[in-house]
Amino acid sequence: MAQPVGGETAGPETETTQTRGSIARRMLVTAAVWSVLVLVAAGSSLQALYGAETQQRLDADIDATILTLTSAVDSTANGGLKFNESALPRDERFARVYSGRYWAFVSIDDKNAVVRADRSRSFLETRPDLPPDMIAAAVAQPDAVQRADGTGPDEGRLRIGIRAVKLPERDTPVLLYAAMDRTATDSAVARFALRLGVALGVLALGLVIGVVVLIRYGLRPLHDIQDKLADVRAGRRDRLDGEYPAELSPVVTEINTLITQNRKVVERARTHVGNLAHALKTPLAVLLNESRGADRMSELVRRQTEAMSSNVQHYLKRAQAAAQAEVLGARSDVKDAVEGIARMLERLHREKEITIDVDADETAVFRGERGDLDELVGNLLDNAAKWCRSRVQVKISRSDDGVVVTVDDDGPGLAPEDRARAVERGKRLDESEPGTGLGLSIVRELADIYGARFHLEDSPLGGLRARLELPAAPL
């Protein structure tokens, strides 16, 4: 006859929290972006300030040269120009061709067109190149120095300054021209920008490293809380202890309060279950005692009372298991539980001379109460021992998903179409064997409560294999 063993069942789908990125990554990216923006702004400002400073120095040299030229020129009685050679600029670079330093006295007509230029030897045969708008601005604002960038006689970049001076006996002003080569200055600014960029890059790298160290140090208490919560769930500690920063202390206090409240709720549920069992025990016993007669009514009352008692015990165990399933820190050694039940069943079925072999992984630890573990594996082993011929094999292993318990027997097995009915509560496929038909329904329902998986396969021993996948406690 086929044996009544459990069908496949899967635990309820568990809720998972969705992550929205790492706090450390957010802080690091934000700090890095902000640091880069600040350093780029600071670098640009420093480069601009340095460039402005070097240009001011050029302009100061130009102003000094123009001031010297002012004292070296005068007008003749007929409106011509005369020069005081001793008052001209003495820098020898004005006498060296294309030296990068230039001066000139530029005569213009009434249309601001250049008609003559008395100039330094550094010009050689060329004449100053002055934009018309610059000449117009200088004429419109006499005694004010007009500045601009231009091109020198050797095609080099120049910083140019001109000043319009009105002299007696002349209808048109004289333009005092001074120019300095800015190639060296621009190169100095470029070198400064490069060195500044390297320095700021090193500073940015140092800031990022500092932020990483700061974040790791600042988030260390959170990692400590995470590790201790894992210990609480694994049963290695019963609360979060230690000292924490002021910002995290309220969180730790609330977590400890929640852990304590969880234990109180479970303990209260256990108390209520016990009280209910005690309250129903006496009335049921009275009903059984009053139904000992041989008449039909007594037989009916006796059967219904026994069914009531069985149902009460079943649902009381289920309620107790549901209360215990989510207890923080619950852990049970699977090998100890299986080996103890196996030895007991070998003695109980001594007349069949059965052998129950247990192959167990020492690291297989169930995340749940020992009583529920005994209920789960006890029903599986009892069913296998009842229907086997002489041999039962139990293998306990730990996988990535949890603890796997497989129970194989060499009995008659069970047809696939009968397996679903076998796990229905109170169903017995063979009335010749004693029992209530509740054992494997308890396995299925306990598996549901713990989110475990329970299903059946053909056994390599010729009978049936019951496979139970339980949640594992952390190592």
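Entry note, segment 330-470: relative contact order of 23 percent, from Cα contacts under 8 Å with a spacing of 6+ residues. Put a dot 7 Å past the Cα of residue 129, heading toward its Cβ, do the same for residue 76, and the two dots end up 3.2 nm apart. Subtracting the Cα-Cα distance of residue 295 and residue 399 from 0.36 nm times their residue separation leaves 31.7 nm of extension gain. For segment 393-403, 3J(HN,Hα) computed residue by residue from phi via the Karplus equation (6.51, -1.76, 1.60; θ = phi - 60°) reads 10, 10, 10, 10, 9, 10, 10, 5, 8, x, 9 Hz, glycine and proline entered as x.
For segment 143-157, backbone phi angles converted through the Karplus equation (6.51, -1.76, 1.60; θ = phi - 60°) give residue-by-residue couplings of 6, 9, 7, 9, 10, 6, 9, x, 10, x, x, 9, 6, x, 7 Hz, Gly and Pro being listed as x.
May I ask you to derive the FRET efficiency for residue 141 and residue 33 from their Cβ-Cβ distance with R0 = 45 Å, giving the value to the nearest 0.05?
Values: r = 48 Å, r/R0 = 1.06.
Once the sixth-power term is evaluated, E becomes 0.40.
Residues whose amide H comes within less than 5 Å of that of residue 391, counting only those at least five positions distant or on another chain, are 355, 410 (H built at 1.01 Å from N in the peptide plane). Close amide-amide hydrogen proximity is noted between residue 472 and 367, 403, each under 5 Å apart and 5 or more residues distant or on a separate chain (H modeled in the peptide plane; Pro and chain starts excluded). Maximal additional length on extending the residue 44-residue 260 stretch stands at 71.9 nm, based on 0.36 nm per residue less the C-alpha distance.
In whole Å, how far is the Cα centre of segment 132-156 from that of segment 86-106? Using only Cα atoms to place each centre, the spacing works out to 17 Å. Put +1 on the Cβ of each Lys and Arg and -1 on the Cβ of each Asp and Glu in the chain; which of 192, 126, 78 then has its Cα farthest toward the positive end of the dipole? Going by the Cα projections, it comes out as 78. Taking amide H atoms as placed 1.01 Å from N in the peptide plane, the amide H of residue 464 lies under 5 Å from those of 409, 411, 413, 459, each 5 or more residues away in sequence or on another chain.
In the distance distribution for segment 330-470, Cα-Cα pairs more than 27 Å apart total 14 percent.
By the gyration tensor of its Cα atoms, with a ≥ b ≥ c the square roots of the eigenvalues, what is the shape of segment 71-181: rounded for a/c under 1.5, prolate for a/b over b/c, or oblate?
Cα axes put segment 71-181 in the oblate bin.
Across segment 30-41, rounded Karplus estimates of 3J(HN,Hα) from the backbone phi angles (6.51 cos²θ - 1.76 cosθ + 1.60, θ = phi - 60°) give 4, 5, 5, 4, 5, 4, 4, 4, 5, 5, 5, 5 Hz, Gly and Pro being marked x.
A short reminder: the numbers here are calculations on the coordinates, not readings from a lab. Because the structure is predicted, anything quoted here is derived from the model rather than measured. We place every Cβ from the backbone using ideal geometry, glycine too, and count neighbours over all the protein chains shown.
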